[in-house]
Amino acid sequence: MAARRTTNRSILRSAPALYAAWPWLQVGKLWLEIGWAAPQVIAHRTRRMLSGGAFPVQADRDEFRRMFDEKAEAWFEAMWRMSTEMSRQWLDLSSSVMQPWWLYGASPAAQWQSAWSGAARRWARSAPHIARIGLAPVHRRATANARRLGRNPG
């Protein structure tokens, strides 16, 4: 009997289950891909800076300007997305914590404790989601730059 070969397709089908089991896995994957792409981009741009000398050509000056603009845009987009998501999560959590008061009025302390502990768990579970949202703009730009600069060695 021939051994069953594992294909990339079967590995990819199991990836959502892994992400659901450990939500920080997606964030780690983004960090690894950024960590792989960023040194390539840095090396390429540093080589262009050194070869350009005191008076780089217009293409190099455009690349250096783009480098600054992309970093600023990625930072602002990441901050905007994370703050928006955090405020949305905070409003959802605060409304769910206040729900026993709205529905039951003066409820027993056990209901309040349950609502607060549930809210704390939900807030902790939202942390990897917020981190992934914040890393997405940086990841997108770093990997795109690595692909673009890898195709264009000059």
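No lab work stands behind these numbers, since they all come straight from the coordinates. Just so it is clear, the model here is predicted, and its values are computed rather than measured. Don't worry about glycine lacking a Cβ; one is built from the backbone with ideal geometry, like all the others, and counts go over all protein chains shown.
Please give, to one decimal in nm, the separation of the simple spin-label points placed at residue 95 and residue 124, each 7 Å out from Cα toward the Cβ.
Result: 2.5 nm between the two label points.
Using 7 Å Cα-to-Cβ label points, what is the residue 136/residue 151 separation (nm, one decimal)?
2.4
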